[in-house]
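These notes are about the structure you will find just below.
Values quoted throughout were computed directly from the atomic coordinates according to the rules given, and no laboratory measurement underlies them. Only a predicted model underlies this, so the values are computations on that prediction, with no experimental measurement involved. Neighbour counts run over all protein chains shown; Cβ positions are idealised from the backbone, glycine included.
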Ligand code: KIV
């Protein structure tokens, strides 16, 4: 499955989205190459202030649900902050995630120093997706990177190290179009962009943002439908029907 994704580089865009539950996963599975159970579940589902507040057991529970709705896409699970501080810990926790969720790969964020973690995981036959640019687990303030030549070159070096360490792909989060272009040209592995222009090999968004459920619409998000409005209308109709005794009807009763 990973090989199929790798061969898309420079030929066909790689389609990725997040999912946190079976029902949504089973819809997006029809259109995705990769489904990510992101640690963004912390903010999006639990209303937490930081992704690093999510625990290993919670992400595993969401990934188990997503696994049930994912038949054809590659399933990647984010390793929560603190679960891959050193190689031994990373291998132990990645193995737990894979065993309990049957996912295909794990994703870890780069802190510009943890390349050995990626190579340690890869040596243990664990497939790893890297993540550079804005990495919420390690950065307090949101900032677009790669705007200056110095910052762009640093990102390029980091991306090369992630590739050298053995990652099969790398997420580029909120980096300049030019930096995304150069990194994508230099790497053999696919780059998956979020807020990093169309110069990447693939794109990822948080599905709840794309469908208008999260209420989070920064510049890099495009809202493709307004699920909030759709659900509101349905619930309003349900409320009226119950008040007017139109629901449940005889058809809905035993
Ligand atoms: O947690 C997440 O949803 C992510 C994506 C934004 C790439 O890491």
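Helix 227-243 and the longest principal axis of the Cα set of the chain meet at an angle near 20°.
Between residue 125 and residue 233, 0.36 nm times their residue separation minus their Cα-Cα distance comes to what?
Contour length minus Cα-Cα distance gives 34.0 nm.
Return the calculated 222 nm mean residue ellipticity for the chain, to the nearest 500 deg cm²/dmol, obtained by summing -39500 (n - 2.57) across DSSP H runs with n ≥ 4 and dividing by the residue count.
Calculated mean residue ellipticity at 222 nm is -12000 deg cm²/dmol.
Along each principal axis, taking the top coordinate minus the bottom one, the Cα set of segment 67-158 gives 43, 30, 22 Å in descending order. Any idea how far apart residue 56 and residue 225 come out in nm if each label point goes 7 Å out from Cα toward Cβ? Here the answer is 3.8 nm between the modelled labels. The C-alpha atoms of the chain define a longest principal axis, and helix 177-186 lies at about 60 degrees to it. Computed over the chain, the alpha-carbon pair-distance distribution with 10 angstrom bins reads 7, 30, 35, 17, 6, 4, 1, 0, each value a whole percent.
Between 161, 219, 13, the GNM of the chain built on Cα springs shorter than 10 angstrom shows 219 fluctuating the most. Derived value for segment 107-198: Kirkwood hydrodynamic radius 12.8 Å. Basis is the mean of 1/r over every pair of different alpha-carbon atoms.
With one equal scatterer per alpha carbon and no solvent term, the Debye-computed log10 I(q)/I(0) for segment 12-133 at 0.11 1/Å reads -0.33.
Please compute the length gained on full extension between residue 1 and residue 242, using 0.36 nm multiplied by the number of residues separating them and subtracting their Cα-Cα distance.
81.9 nm
I'd like the orientation of helix 87-101 relative to the chain: the angle between its Cα long axis and the longest Cα principal axis, in ° from 0 to 90, rounded to 10. With both axes taken from Cα atoms, the answer is about 30 degrees.
So how much slack lies between residue 10 and residue 249, counting 0.36 nm per residue of separation and subtracting their Cα-Cα distance, in nm? It would help to have the intermediate numbers written out before the result.
On the way: separation 239, 0.36 × 239 = 86.04 nm, distance 5.63 nm.
Between residue 10 and residue 249, full extension yields an extra 80.4 nm.
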